[in-house]
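Down below is the structure, laid out as structure tokens.
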Amino acid sequence: MENFLKIRDKKSRLISFRVNSAQQRFNQIIEEDTKNGKPHRYIILKARQLGMSTFTEGYIFHDTATRPLVNSLIIAHEDKATVNLFNMSKLFYEELPTALKPMTKYNNGKELIFENPTSDDEEKLRNPGLRSKITLATAGTSDTARSGTYHNVHVSEIAFFPNPENTMLALMQCVPDEPNTFVCMESTANGIGGYFYDMWNAACAGENDFTPIFFAWFDDPLYSTPFVSEKEKEDFIKEVEQMLMDAEGKMVHTEEYLLREEFNLTYEQLNWRKRTIANKCGGDVDLFKQEYPATPQEAFIASGRPKFNLKAVKEYEKQCIEPMYTCEIVEERGQLKLISTDKGSLKIWAMPEKDKAYSIGADVAEGLATGDYSVGTVLDEDLNVVAKWRNHIDPDLFGDEMVKLAIIYNDAYLAVENNNHGLTTLKAVLNKDYYNIFYTKSYDKTSDTTTKKIGFSTNARTKPLMIDKLAEFVREKWLGIKDMEIVDELYTYVIDDKGKTNAQEGKHDDCVMSLGIALQAFLEGRGEDYVPEISKDDMKDRNFEKEIPDILDPLFERREDSAEYSE
């Protein structure tokens, strides 16, 4: 590649291919797999402009232009990107020394076929050429459904593919599980969730055969800016090493100092970072992290359009703990009992306390085993999430479970979403003669009357208000959240291209919606402008490691061997 391939550099010059340090690292991994006889399977998470696409194109071109009967495929997320990648291969071919150029039958917009172009059958039989080819396709088009066998596949920016699961399912069936085959999925991140995110995590956990490779921005030695004078450098070092006061009044190091300590960066690299934030990212540090992440987690978190404040969500993540109990609520001889079981639907962080008020938000799903979950979240009067019920269940049976949960938590104020299947749940609640139910209230200006409708109405008007209010309470950390399932959904709840908010593709938002409804029920008597009287010390001391109150001791028991409750 370095001896014979030419590329266009960032200054639009035609130069010889010289691998950078990141490309060399990738090459070493490939060589090691070749030595061990492993099929080449790679998933690459990267910062921008590190040359992974260029290197992969060069690798595939070399293999296809020097070996017979090799089929290679290039596929990207959009036509423009696909054409740009294919043009690299065409340039590689055009700039090859004549002695190395294989015979070419087609060199058009979609195929580069290395084959004898002659129409003479005898000549073609005597000298067929390599009969290898490079083909391009764009995700989401009919090209991606081609059958056949591919020995090399370059999948570029897969995080931005429409329906990547189906595309990759079809493509991987076309690649033999042989040592001389190569598949590279490379992409910048596109938020938490989706096919690329799931495949990356599975690769990191050793759950598939893809080798995960992450390239941070500082893996490129060019991302370094020298200082114009020694004085400028001295001033910059003072700026980096100064101590600052955070929102809680603590003295902390600057982010640049922590980066330097963790990754052993030079001041010149930090200088490049500072200038890039100012000049290319509009002064927005989060935009820099999106384009130039330092860690895989930062890449996925910064690259989405999260609705909830990421700094606050990260702090919630650090506070998450396992629930005190995982259990089911059962009724025996007219009395409710908590039956502890490892696969129980109900998780409890704090047991109900006498004379304390609770609200429950219930988000209702259809009940399908593979669909969304039905979730009931319990908030106490101090805005702590003290319990959460989550499972797949028929809507009417979910109503029964919510009544039992509400009774256990001091006849909690129960707000059930009344959309679609929620009406079935509400009917079940009413059939149980439960009384403390949330009603949506609306004011009619024409008649000057207020009407009530049972349950919480989630619609185009109320949902944005509910989510905005929840986002405010999350940002200010007014909620006590110890549940990792809720935190995961806060991470993956995003703003789409139309400005609407939903779970990222492939993720759920049932916990978010349930928590939002519970908060709305809590705020009903306090007003939308309510500000909790919670000090920072109170927020730090929200530990739910309390003993079960005596009043509930008789209601709790452990049944490890109960198949009925563990299924």
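The values are calculated or read from the model by the stated rules, or taken from the named source; none is laboratory data. Quick caveat: nothing in here was measured; it's all calculated off a predicted structure. Here the Cβ positions follow ideal geometry from the backbone for every residue, glycine too, while neighbour counts run over all protein chains shown.
Values as computed for the structure displayed
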| item | result |
| --- | --- |
| Output for segment 366-419, where each listed residue is closer than 16 Å to residue 438 by Cβ, assigned to a helix (DSSP H, G or I) and in contact with a Pro (Cβ under 7 Å, 6 or more places away or on another chain) | none |
| Test: residue in segment 80-95 that is under 21 Å from residue 20 (Cα atoms), touching a Phe, Trp or Tyr at 6+ places or on another chain (Cβ under 6 Å) and not small (Gly, Ala, Ser) | yes |
| Lone qualifier among 189, 202 - being part of a loop (DSSP other than H, G, I, E, B), under 16 Å from the mean Cα position of the chain (by Cα) and within 27 Å of residue 292 (Cα to Cα) | 189 |
| Residues (β-branched (Val, Ile, Thr), outside any loop (DSSP other than H, G, I, E, B) and either under 21 Å from residue 69 (Cβ atoms) or in contact with a helix residue (DSSP H, G or I) (Cβ under 8 Å, 6 or more places away or on another chain) (or both)) located in segment 93-146 | 113, 134, 135, 138, 144 |
| Test result for residue 23, outside any strand (DSSP E or B), in contact with a Gly (Cβ under 9 Å, 6 or more places away or on another chain), within 17 Å of residue 214 (Cα to Cα) and of a type outside the set (D, E, K, R) | yes |
| Exclusive hit being buried (at least 17 other Cβ atoms within 10 Å of the Cβ) and in a helix (DSSP H, G or I), set 297, 290 | 290 |
| Any hit, segment 151-159, residues being at pLDDT 95 or above, in contact with a strand residue (DSSP E or B) (Cβ under 9 Å, 6 or more places away or on another chain) and not in a strand (DSSP E or B) | yes |
| Test: residue in segment 227-244 that is in contact with a strand residue (DSSP E or B) (Cβ under 8 Å, 6 or more places away or on another chain), assigned by TED's automatic domain parsing to the domain that holds residue 291 and either part of a loop (DSSP other than H, G, I, E, B) or more than 22 Å from residue 289 (Cβ to Cβ) (or both) | yes |
| Scope segment 379-403; condition more than 19 Å from residue 522 (Cα to Cα) and of a type in the set (Lys, Arg); matching residues | 390 |
| Selection status of residue 115, among the acidic types (Asp, Glu), in the same structural domain as residue 150 (by TED's automatic domain parsing), over 30 Å from residue 289 (Cβ atoms) and surrounded by 14 or more Cβ atoms within 10 Å (Cβ to Cβ) | yes |
| Qualifying residue in segment 433-443 (condition: surrounded by 14 or more Cβ atoms within 10 Å (Cβ to Cβ), assigned by TED's automatic domain parsing to the domain that holds residue 324, free of Cβ contacts under 8 Å to residues at least 60 places away in the same chain and of a type in the set (A, V, I, L, M)) | yes |
| Which numbered condition residue 307 misses (of (1) free of Cβ contacts under 8 Å to residues at least 60 places away in the same chain; (2) among the basic types (Lys, Arg); (3) buried (at least 17 other Cβ atoms within 10 Å of the Cβ)) | (1) |
| Segment 228-244 residues that are basic (Lys, Arg), paired with ones that are outside any helix (DSSP H, G or I) (beta carbon under 6 Å, 6 or more apart) | 233/227 |
